[in-house]
Amino acid sequence: MPNPRSFDDTRTTPQRAGTAAAPDPIALRDSCFSLLVDVPASDRKAMLQRLDRMRRADDMAHLRRAMFDVIERFHGEATARERLTVLDDRFG
């Protein structure tokens, strides 16, 4: 009897129910950089370093809050909400 799993199925590890997949780090970094492009370099650098230290998908919630705070400090709450909506839509 043939195996019902295809070749591609054997190359992936199934996710446990209730766990989120980690976002692609390069795409996430690029998106974050574009959202932070007009904040002071020191704040942008700190956020990107924090992104580099991210190890789990749930670290995204902490990163998101920190990004909101940085953007809000320089551009206000409305701008921070708009920009983080872009991040939410892309990486949910």
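Descriptive notes on the structure:
- Summed side-chain charge close to His62 - residues other than His62 whose Cβ falls under 12 Å, Lys, Arg +1, Asp, Glu -1: +3
- Environment charge at Arg44 (Cβ cut-off 14 Å; Lys +1, Arg +1, Asp -1, Glu -1): 0
- Positive contributions from Lys and Arg (+1) and negative ones from Asp and Glu (-1), summed over other residues with Cβ under 14 Å from the Cβ of His75, come out at -2.
- Whole-Hz couplings from phi, Karplus 6.51/-1.76/1.60, listed for the range 47-55; x for Gly and Pro: 5, 5, 5, 4, 4, 5, 8, 5, 10
Values in this text are rule-based calculations from the coordinates and carry no lab data. Because the structure is predicted, anything quoted here is derived from the model rather than measured. Methodologically, a virtual Cβ is constructed for each residue, glycine included, from the backbone with ideal geometry; neighbour enumeration extends over all protein chains shown.
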